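Below you'll find the structure, written out as structure tokens, and then a few comments.
Values in this text are rule-based calculations from the coordinates and carry no lab data. Here the structure is a predicted model, which is why all the values come from computation and not from measurement. Here Cβ is always computed from backbone atoms with ideal geometry, including for glycine, and neighbour counts include all displayed protein chains.
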Amino acid sequence: MKTDRQRSFLDPKILARLARLELNARLPMEGSFGGQHKSPHRGSSVEFAQYREYVPGDDISKLDWRAYARSDRFYIKEFEADTNLRCHLVLDCSGSMAYGETLAKFDYGRTLAANLAQVAVRQGDAVGVCCFNGQVVEDVPAHTGPRHLGAVYDVLERVHPQGETDAVTVLHDLAERIRRRAMVVVISDFFAEPGPLLDCFQHLIYRKHDVVVFHVLDPREMDFDFSRPVRFRDLESSFSMLTDPSVMRRDYLREFASWLDELRTGCLRYNVDYRQARTSDAVEDVLSAFLLGRMRRK
């Protein structure tokens, strides 16, 4: 097994910059043991939640005697329960993720995933990883601890981008398979029709998951700054086309902007945390902005 220093997607400078940041959930989570995230259940945290009337069988140590003195009735003090987080990292490893002028989208995406896994495990949370193209290629359940983190890294290292994608089927299936409330982080270029994709996100939200999407794109896909005739090849099929980019640039940019706006607006409507990441953006900047935003909300 390789050490962390030998893994191409781990950079000590990035890890050092993220060392003091936290991965916080926006919604109550259902973990396996105590942690720093809110739970939908009541527990023994120091943070008061509410009063409720005493019923036979309640723990009398939680009776509020001051409330009894005021009302001559017995009340129980309930507190927020804190739990650990289950973070499911869902990484697209289809053929289109192999594209990149200087850095492949897949390499960028797995660097995002690896560093998020590091942050989560460091704070005692559970992490799992699911890699998919037309189907699930690798699936590691969420667990805690340094040894499990090494297993997550092993998966990220041996998976390579290839084949067609079917994010819609995979995400709908995940929404049903992940039973407990969790954070689901989807990392992809999302090259599909926005409508079916948004249905997947809505399905995950309906299951009470905190959904995050990192939309990984190459700058040339966004700017289309090709200057001479070029052959475009579909990385998920055998189709290719020789064309003059100057002829189609205006139409391409219009269609791309419309597609991007529909996806981004839909995420906002369904309360999905949408994060766009160009492969030219520093990974530490993208992750720092995400983590700091979560810390401010908390």
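Evaluate E = 1/(1 + (r/R0)^6) for Glu164 and Arg20, where r is the Cβ-Cβ distance and R0 equals 51 Å; express this FRET efficiency to the nearest 0.05. Efficiency, from the Cβ-Cβ distance: 0.80. So which residue, out of Arg66, Arg179, Arg122, gets the largest mean-square fluctuation from a GNM of the chain using Cα contacts under 10 Å as springs? Looking only at Arg66, Arg179, Arg122, the biggest GNM fluctuation is shown by Arg66. Computed over the chain with a Gaussian network model linking Cα atoms closer than 10 Å, the most mobile of Tyr270, Tyr206, Tyr68 is Tyr68.
Here the alpha carbons of the range 143-190 define both size measures, Rg and Dmax, at 13.2, 33 Å.
Amide H contacts under 5 Å for Ser94: Gln162, restricted to partners 5 or more places along the chain or on a different chain, H placed in the peptide plane at 1.01 Å from N.
Taking θ as phi - 60° and the Karplus parameters 6.51, -1.76 and 1.60, the scalar couplings of the range 246-253 work out to 5, 6, 10, 4, 4, 5, 4, 4 Hz in sequence order, x denoting glycine and proline. Dividing the helix sum by the residues of the chain, where each DSSP H run of 4 or more adds -39500 (n - 2.57), gives a mean residue ellipticity at 222 nm of -12000 deg cm²/dmol.
Comparing Phe239, Phe190, Phe256, which has the greatest mean-square fluctuation in the GNM of the chain with Cα pairs linked when under 10 Å apart? In this elastic network of the chain, the residue with the biggest mean-square fluctuation among Phe239, Phe190, Phe256 is Phe239. Residue separation of Ser61 and Thr102 scaled by 0.36 nm, minus their Cα-Cα distance, works out to 8.5 nm of gained length. Relative to the Cα centre, the charge distribution of the chain, modelled as +1 at Lys and Arg Cβ and -1 at Asp and Glu Cβ, gives a dipole magnitude of about 1060 debye.
Expressed per residue, the C-alpha convex hull volume of the range 91-173 stands at 83 Å³. The separation of the range 249-292 from the range 194-208, counted between C-alpha centres, amounts to 17 Å. For Asp139 and Asp261, a Förster radius of 41 Å and the Cβ-Cβ distance give a FRET efficiency of 0.80, rounded to the nearest 0.05. For the range 154-274, the equivalent ellipsoid derived from the alpha-carbon gyration tensor has semi-axes of 31, 18, 12 Å in decreasing order.
For the chain, the percent of C-alpha pairs falling in each 10 Å distance bin, counted from 0 to the bin holding the largest distance, reads 6, 25, 31, 19, 10, 6, 3, 1, 0. Please work out whether the range 87-135 counts as rounded, prolate or oblate from its C-alpha gyration tensor, where a ≥ b ≥ c are the square roots of the eigenvalues and a/c under 1.5 means rounded, while otherwise a/b larger than b/c means prolate and anything else oblate? Oblate.
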